[in-house]
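Down below is the structure, laid out as structure tokens.
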Amino acid sequence: MLRGFYTAASGMIAQQRRTELLTNNMSNANTTGYKADQTSVRSFPELLISNMGSKTVPTENKLAIPGFSKVGGLSTGVYVQEANPLFTQGTLEETGLHTDMALADENLPINADRRKGSVLFTVQNEDGGLRYTRNGSFTLDGQGYLTTPSGQYVLNENKERIKLESDRFSVTDDGVILEGNVQTARLGIGYSNDPSSQLMKDGEGLYKAVDNEELPSAYAAVDGGFSTKQGFLEGSNVDQSRTMTEMMSAYRSFESSQKILQAYDKSLDKAVNEVGRL
């Protein structure tokens with residue numbers, strides 16, 4: 001009976017974790033460039049229980065122990081295996097500001113998992129490390145460097161900081177920054193053909209490559225597969241209606257596991273306080 005406690009409790013913990021992620025998605029529904037997290041809930045391996053005389057507990061139904069009869073399978077609950085960002089494109093919203101930029105996914109290749117890759121702006125954090133973002137709400141700092149809202153430097157295709165004379169510049173579809181008719185720099189754009197496994201969130205809308213490896217340049221990897229839109233920002237890709245539905249589903253699942261736990265508790269109460277008297 002105690003095993004049932006653990007199974008029901010694991011279900012509650014998994015749904016609580018799922019609810020937390022969905023709540024975070026909903027709270028970032030209006031965050032520029034935010035990518036919604038998706039959870040993957042998986043069951044623990046099922047155990048095959050043999051009779052009381054067995055000295056081992058096999059984990060595969062194919063495994064037979066001579067002289068012992070099989071009692072049956074035992075599910076040991078579920079857990080949230082991982083949470084991966086969904087890298088589909090959000091809606092592009094026009095702002096008219098010269099320093100606002102968005103990346104439009106157009107003809108990006110489809111990977112082996114039948115999902116599109118992703119292109120991201122390359123920035124430099126305070127430690128000098130490379131980070132990547134879809135939030136193109138840039139600004140100029142006091143020295144004229146192009147930076148993110150949280151102060152990271154936006155880099156060009158040579159991984160150098162971009163310094164501009166003023167905010168009256170223009171950006172072409174292929175990422176070239178022009179001041180007047182003079183090319184000042186070209187935006188550094190990284191490409192990941194499998195962002196769910198190659199990138200991890202690093203806070204403030206930033207991503208870092210797994211094992212700190214550099215992403216290849218998108219200009220060489222997918223030439224013509226995307227474009228840069230000046231005066232636009234990419235909105236969050238959170239589907240609010242779907243998120244609310246999933247939150248209700250997670251709550252109902254949590255509630256069901258809670259009632260099972262309460263039923264086990266009542267059974268144990270009777271076993272200890274009533275049956276025990278006999």
The size of the Cβ-based charge dipole (Lys, Arg +1; Asp, Glu -1) of the stretch 155-278 about the Cα centre, to the nearest 20 debye, is 660
Calc'd 3J(HN,Hα), the stretch 258-264, phi into Karplus 6.51 cos²θ - 1.76 cosθ + 1.60 (θ = phi - 60°), Hz, glycine/Pro = x, comes to 5, 5, 5, 4, 5, 5, 4
Distance in Å, no decimals, from the C-alpha centre of the stretch 168-209 to the one of the stretch 219-278 is 33
Over the chain, the sum of -39500 (n - 2.57) across DSSP H runs of at least four, divided by residue number and rounded to 500 deg cm²/dmol, gives at 222 nm -8000 deg cm²/dmol
For the stretch 87-235, the charge dipole (Cβ of Lys, Arg +1; Cβ of Asp, Glu -1; about the Cα centre) points to a positive end, and the Cα of T184, Y153, T133 closest to that extreme belongs to T133
Residue by residue through the stretch 15-32, the couplings from Karplus 6.51 cos²θ - 1.76 cosθ + 1.60 with θ = phi - 60°, in Hz, x for Gly and Pro, are 6, 5, 5, 5, 5, 4, 5, 5, 5, 5, 4, 5, 5, 9, 4, 10, 7, 4
Length gained, D174-T245, 0.36 nm per residue minus C-alpha separation, equals 21.6 nm
The size of the Cβ-based charge dipole (Lys, Arg +1; Asp, Glu -1) of the stretch 87-235 about the Cα centre, to the nearest 20 debye, is 120
Which residues qualify? For T95, with a placed amide H closer than 5 Å and at least 5 residues away or on another chain, they are F232, L233
Over the chain, with neighbouring protein chains present, the accessible area per residue in Å² at probe 1.4 Å is 57
Note, G151: beta-carbon cut-off 11 Å, +1 each Lys/Arg, -1 each Asp/Glu, net -3
Taking protein heavy atoms only, a 1.4 Å probe, and rounding to whole percent, the accessible area of the stretch 85-172 owed to carbon and sulfur comes out at 40
So the FRET efficiency between A220 and D113, C-beta based with R0 = 22 Å and rounded to 0.05, is 0.45
Between the residues G96, L233, V222, the Cα farthest towards the positive end of the dipole of the stretch 87-235, that dipole coming from +1 and -1 charges on the beta-carbon of Lys, Arg, Asp and Glu, is from V222
For the chain, the dipole about the Cα centre with charges only on Cβ (Lys and Arg +1, Asp and Glu -1), to the nearest 20 debye, works out at 1720
Most packed first (mean Cβ within 10 Å per residue), the peptides 185-193, 126-134 order as 185-193, 126-134
Quotient of Cα radius of gyration and Kirkwood radius for the stretch 132-278, i.e. Rg/Rh, equals 1.33
In whole µm²/s, the translational diffusion coefficient that Stokes-Einstein assigns to the stretch 80-165, given a Kirkwood hydrodynamic radius over C-alpha pairs, 4 °C and 1.567 mPa s, equals 88
Flagged as over-length at 24 Å C-alpha distance, from K116/K201; K116/K163; K163/K201; K35/K163; K35/K208, the pairs are K116/K163; K163/K201; K35/K163
Computed over the chain, the distribution of all Cα-Cα distances in 5 Å bins, rounded to whole %, is 1, 5, 10, 12, 13, 11, 9, 7, 6, 6, 5, 4, 4, 3, 2, 1, 0, 0, 0, 0
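The values are calculated or read from the model by the stated rules, or taken from the named source; none is laboratory data. This structure is a prediction, so every number in the text was calculated from the model and none was measured. Cβ: placed from backbone, ideal geometry, glycine included. Neighbour counts: every protein chain shown. Ligands, DNA and RNA are stripped out before the accessible areas are found, and what is left, the full protein with its side chains, is counted by its heavy atoms. Shrake-Rupley method; radii C 1.70, N 1.55, O 1.52, S 1.80 Å.
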